[in-house]
Amino acid sequence: RVRELSREPLPLEKLRFSNDREEIAHQILSNARPKVRIDREPDGITKLSGKIKHKGKTHNTEAFIDSDQRLIRANCTCNFFTHNKLFKGPCECILALRMAGREKVTSNQ
């Protein structure tokens, strides 16, 4: 049986990203595709590294992903990461690196 959950259509553009940093990461990728290096370590950790261009600066960015696809460690030279580390979640550079890495892995398969 069909039930109406909402009278108005859902605003899909507002629901597309979970936060502002994720939206900015998507914009970073749409402007320029960073070159991502993917290294697999013996303990099952995947290391993503690359240079992310954002707000006229280039940031050296690294992300370490475990076998369950969780971000376990990261580094970035941007201001947000320098001040907050991962306590407020990953910066837009780390998110963009992870998205680019995911695209690279799926395109190689």
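The values are calculated or read from the model by the stated rules, or taken from the named source; none is laboratory data. What you see is a predicted model; the values in this text were computed from it and never measured. Note: ideal-geometry Cβ built from the backbone for every residue, glycine included; neighbour counts use all protein chains shown. The area values use the complete protein model at the heavy-atom level, side chains included, leaving out ligands, DNA and RNA. Shrake-Rupley method; radii C 1.70, N 1.55, O 1.52, S 1.80 Å.
Observations
- Residue count, region 1-21 (criterion: under 21 Å from residue 94 (Cα atoms) and hydroxyl-bearing (Ser, Thr, Tyr)): 1
- Looking only at region 16-26, and only at residues there that are surrounded by 13 or more Cβ atoms within 10 Å (Cβ to Cβ) and without any contact (Cβ under 8 Å) to a residue 40 or more places away in the chain, the one that is nearest to residue 63 (Cα to Cα): 23
- Meets criteria (open to solvent by 20 Å² or more (accessible area, probe 1.4 Å), modelled with pLDDT of 95 or more and touching a helix residue (DSSP H, G or I) at 6+ places or on another chain (Cβ under 7 Å)) for residue 95: yes
- Within region 70-99, the residues that satisfy the criterion of being within 16 Å of residue 40 (Cα to Cα) and within 12 Å of the chain's Cα centre (by Cα) are 70, 71, 74, 97, 98.
- Scope region 25-78; condition aliphatic (A, V, I, L, M) and either touching a Gly at 6+ places or on another chain (Cβ under 8 Å) or closer than 15 Å to residue 99 by Cα (or both); matching residues: 25, 28, 29, 32, 36, 38, 48, 52, 63, 65, 71, 74
- Residue in region 65-78 that is among the polar types (S, T, N, Q) and at pLDDT 95 or above present: yes
- For region 17-41, the tally of residues that are assigned to a loop (DSSP other than H, G, I, E, B) and over 26 Å from residue 67 (Cα atoms) stands at 1.
- Complete set of residues in region 27-48 that are under 13 Å from the mean Cα position of the chain (by Cα) and either at positive phi or touching a residue at least 40 places away in the same chain (Cβ under 8 Å) (or both): 28, 29, 33, 34, 36, 48
- Scanning region 30-51 for residues being touching an Asp or Glu at 6+ places or on another chain (Cβ under 8 Å) and of a type in the set (A, V, I, L, M, F, W, C) gives a total of 2.
- Taken as a whole, the condition of being touching a residue at least 60 places away in the same chain (Cβ under 8 Å) and out of contact with any Asp or Glu (no Cβ under 9 Å at 6 or more places or on another chain) does not apply to residue 63.
- Among residues of region 28-44 being in contact with a Ser or Thr (Cβ under 8 Å, 6 or more places away or on another chain) and hydrophobic (A, V, I, L, M, F, W, C), the one that is most open to solvent (accessible area, probe 1.4 Å) is 38.
- Within region 55-92, the only residue that satisfies the criterion of being among the acidic types (Asp, Glu), touching a Ser or Thr at 6+ places or on another chain (Cβ under 9 Å) and either exposed (fewer than 13 other Cβ atoms within 10 Å of the Cβ) or in a loop (DSSP other than H, G, I, E, B) (or both) is 66.
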